[in-house]
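> If you scroll down you'll find the structure; I have some questions about it.
We did not get these values from a lab; they are worked out from the coordinates using the rules stated. Treat the numbers as computed from the prediction; the structure is a model and nothing was measured.
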């Protein structure tokens, strides 16, 4: 047996698979391929210990994370509706960005509010593991904090509607 035969013989099994490798690491891409995001990829969590020290993206998410995202979007729409009701009763919008969109009417205001919320949620979702590595606050906690903040704002708006604005 020659040395070239030994390189193809692993554990007594001749393998040509090692000869067919391209030598490139498939995991070098930072962002997942679009087909995995759209058509239910397979990565739902970190599989390797060394991946914990790198930026990584998932293409499958937990049902609790989905529920948190839906709750944030629903609370954002409710906040916009209550804000429009308060403005119709004589209140003013204190947020300068949303006040700008309010100048163009309620539909533009609602659309901008929903779009900006969706954009923020997607950014947090994609980079939640980057945030996990670099801070003590996990992204799952951030989603909880956002829900708590929206809930507080909605409670305040309901207080204004029922007890302050006539």
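> Along each of the three principal axes of the Cα atoms of segment 62-166, give the extent in whole Å, ordering the values from largest to smallest.
Result for segment 62-166: principal-axis Cα extents of 47, 29, 24 Å.
> Need the full-extension length gain, residue 92 to residue 153, defined as separation in residues times 0.36 nm minus the C-alpha distance. One decimal, nm. Walk me through the intermediate numbers first.
On the way: separation 61, 0.36 × 61 = 21.96 nm, distance 1.48 nm.
In short, 20.5 nm is gained.
> In nm, what is the difference between 0.36 nm times the number of residues separating residue 81 and residue 116 and their Cα-Cα distance? Before the final figure, lay out the partial values.
On the way: separation 35, 0.36 × 35 = 12.60 nm, distance 1.54 nm.
Gain on stretching residue 81 to residue 116: 11.1 nm.
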